[in-house]
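Input: a single structure, listed below in structure tokens.
The values are calculated or read from the model by the stated rules, or taken from the named source; none is laboratory data. This one's a predicted model, so the numbers in the text were calculated from it and none came from an experiment. Cβ: placed from backbone, ideal geometry, glycine included. Neighbour counts: every protein chain shown.
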Amino acid sequence: MRPSWKIALPVALLIVAGGAYLALHSGGQPVGARGGDRTRLVRVDQAKLTHLADRIEAIGTLQANESVTLTAKTQGIIRAINFQDSQIVKKGEAIASVDSGEQDAQVRVEEANVLQQRRDLERTLQLALEKHVSESRVDELRAAVKKAEANLSSASVRADDRRIIAPFSGIVGTRRISLGALVSPGTAIATLDDISVMKLDFTVPETFLSSLKHGLPVEAAASAYRGEIFKGEVVSIDSRIDPVTRSVAVRALLPNTDLRLRPGMLMVADLVKDSRDAVTVPESAVQPENDKQYVFVVGPEGTATRIEIKLGARLVGMIEVLAGVKEGDLVIVEGLQDLISGSKVKIANPEAVPTAKPQQPAEAKDGTFRRG
């Protein structure tokens with residue numbers, strides 16, 4: 001008779017193997033708890049209302065709003081310098097002056113001549129009323145007054161030419177002359193820039209021409225001021241397309257009240273268009289199938305429902321949803337494997353469930369959908 005343990009051992013091994021097989025294919029759950037009968041553990045996130053905008057990126061160079069090199073208009077010796085390097089001056093201020101003694105004296109002579117001619121005319125007019133002088137004499141004196149006034153104006157212009165005047169308010173650059181220097185017409189004295197507003201010139205591919213318009217918002221950044229954004233708007237779009245680069249020149253104005261931006265700086269500009277508030281969901285929540293896109297939304301009864309959505313712009317970690325879900329909906333971002341519509345779910349991160357009124361639209365982490 002064969003020992004009983006030799007029979008029992010194969011039976012026990014068979015039972016253990018069968019149990020392992022069932023455990024493996026039931027996911028560690030009771031055999032009947034499959035599909036909609038099993039409560040799945042998932043993580044969720046809210047569909048949020050986010051402020052979005054499409055962007056066109058370009059690289060541009062700054063120019064001063066107004067810029068000029070101040071030069072001497074006549075030959076002479078520099079007798080006065082009235083500015084320091086990088087000084088802010090007002091329109092009409094004298095920057096420097098050339099020796100103008102002779103011209104100033106000539107102005108005084110002409111002023112005296114005008115005064116004398118006017119007095120002679122006044123006395124003659126009194127005599128003309130009494131019929132003691134002819135009308136022709138009066139006409140001669142009137143002409144003499146006009147001639148004297150013209151001579152005074154000419155002398156004043158020659159005297160003003162010996163003074164270098166600021167044509168607009170701005171900041172003076174490095175001084176290029178010294179006291180006592182002999183200058184001639186065209187000699188550079190200094191540069192003058194109005195940088196209270198800066199011009200940003202850049203080019204945009206012609207494919208984006210239909211998106212360009214006056215007043216389009218611009219956000220620009222400079223490597224000198226990392227993390228800062230300078231805002232302005234488009235003020236000019238060139239009338240021609242460059243036939244070589246197939247791009248159009250665009251100019252934007254950037255306020256520069258603190259005078260930190262300087263001409264010649266390189267800036268990266270974003271033209272902001274189609275600014276809008278849109279519903280977004282995490283990218284991990286979207287499931288593609290053929291040419292359609294789906295998300296699972298958790299209802300108030302803890303049931304997952306598969307919903308088809310229409311996608312918009314793709315962002316970093318987020319996707320714009322044009323239709324299918326609304327702000328505040330709970331979409332499943334983890335635990336989607338083998339999940340079917342109608343399944344019971346348990347939320348592993350209850351802190352994501354809204355408990356208060358939705359907040360104001362948030363800014364997208366990367367700012368927007370970029371086009372370049």
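Looking at (1) in contact with a strand residue (DSSP E or B) (Cβ under 8 Å, 6 or more places away or on another chain); (2) at pLDDT 90 or above, find the lone condition where Tyr225 falls short.
Of the numbered conditions (1) in contact with a strand residue (DSSP E or B) (Cβ under 8 Å, 6 or more places away or on another chain); (2) at pLDDT 90 or above, the odd one out for Tyr225 is (1).
Scan the stretch 83-103 and give yes if some residue there is of a type in the set (Lys, Arg), under 60 Å from the mean Cα position of the chain (by Cα) and under 30 Å from Gly173 (Cα atoms), otherwise no.
Within the stretch 83-103 (the criterion being of a type in the set (Lys, Arg), under 60 Å from the mean Cα position of the chain (by Cα) and under 30 Å from Gly173 (Cα atoms)), the answer is yes, since at least one residue qualifies.
Hey, does the stretch 37-45 have a residue that's under 42 Å from the mean Cα position of the chain (by Cα), among the hydrophobic types (A, V, I, L, M, F, W, C), buried (at least 18 other Cβ atoms within 10 Å of the Cβ) and more than 30 Å from Val295 (Cα to Cα)?
Looking through the stretch 37-45, none of the residues is under 42 Å from the mean Cα position of the chain (by Cα), among the hydrophobic types (A, V, I, L, M, F, W, C), buried (at least 18 other Cβ atoms within 10 Å of the Cβ) and more than 30 Å from Val295 (Cα to Cα).
When you scan the stretch 78-101, do you find a residue that is more than 30 Å from Arg137 (Cβ to Cβ) and assigned to a helix (DSSP H, G or I), even just one?
Here is the first cut: in the stretch 78-101, the ones more than 30 Å from Arg137 (Cβ to Cβ) are 78-101.
If we keep only those that are assigned to a helix (DSSP H, G or I) too, we end up with 101.
Yes: the stretch 78-101 contains one or more residues that are more than 30 Å from Arg137 (Cβ to Cβ) and assigned to a helix (DSSP H, G or I).
Can you confirm whether the stretch 142-164 contains a residue that is part of a strand (DSSP E or B), surrounded by 13 or more Cβ atoms within 10 Å (Cβ to Cβ) and of a type in the set (A, V, I, L, M, F, W, C)?
Going residue by residue through the stretch 142-164, those that are part of a strand (DSSP E or B) are 163-164.
With surrounded by 13 or more Cβ atoms within 10 Å (Cβ to Cβ) added as a condition, the list becomes 163-164.
Checking which are of a type in the set (A, V, I, L, M, F, W, C) leaves us with 164.
For the stretch 142-164, residues part of a strand (DSSP E or B), surrounded by 13 or more Cβ atoms within 10 Å (Cβ to Cβ) and of a type in the set (A, V, I, L, M, F, W, C): present.
What is the one condition in (1) in a loop (DSSP other than H, G, I, E, B); (2) modelled with pLDDT of 90 or more; (3) farther than 20 Å from Glu93 by Cβ that His132 does not satisfy?
(2)
Considering only residues that are under 16 Å from Ala148 (Cβ atoms) and of a type outside the set (Asp, Glu), look in the stretch 89-115 and name the one that is modelled with the lowest pLDDT. Lay out the reasoning, then the answer.
Within the stretch 89-115, the subset under 16 Å from Ala148 (Cβ atoms) is 106-115.
Next, only the ones that are of a type outside the set (Asp, Glu) stay: 106-109, 112-115.
Working: Gln106: 73, Val107: 68, Arg108: 79, Val109: 81, Ala112: 87, Asn113: 84, Val114: 84, Leu115: 89.
Taking the candidates together, the pick is Val107.
Hey, which of the strands (runs of 3 or more DSSP E) in the stretch 165-230, taking only ones fully inside, have at least 3 residues that are within 15 Å of Asp270 (Cα to Cα)? Before you say what the answer is, go through the steps one by one.
Values: elements: 170-172, 188-205, 217-222.
Answer list for the stretch 165-230: 188-205, 217-222.
Only residues that are part of a loop (DSSP other than H, G, I, E, B) and within 22 Å of the chain's Cα centre (by Cα): list them for the stretch 248-288, please.
Looking only at the stretch 248-288, we keep the residues that are part of a loop (DSSP other than H, G, I, E, B), and these are 256-265, 286.
Asn256, Thr257, Asp258, Leu259, Arg260, Leu261, Arg262, Pro263, Gly264, Met265, listed by residue number.
Restricting the search to the stretch 237-273, which residues are buried (at least 16 other Cβ atoms within 10 Å of the Cβ) and of a type in the set (Ser, Thr, Tyr)?
Ser247
Of all residues in the stretch 165-174, how many are under 29 Å from Ala105 (Cβ atoms) and buried (at least 17 other Cβ atoms within 10 Å of the Cβ)? I'd like the intermediate steps shown before the answer.
To start, the set of residues in the stretch 165-174 that are under 29 Å from Ala105 (Cβ atoms) comprises 165-167.
From what is left, the residues that are buried (at least 17 other Cβ atoms within 10 Å of the Cβ) are 166.
Going through the stretch 165-174 one residue at a time, the tally reaches 1.
Say whether the condition of being at pLDDT below 80 and of a type in the set (Gly, Ala, Ser) is met by at least one residue in the stretch 58-67.
Keep residues of the stretch 58-67 that are at pLDDT below 80, which gives none.
The answer is no; no qualifying residue exists.
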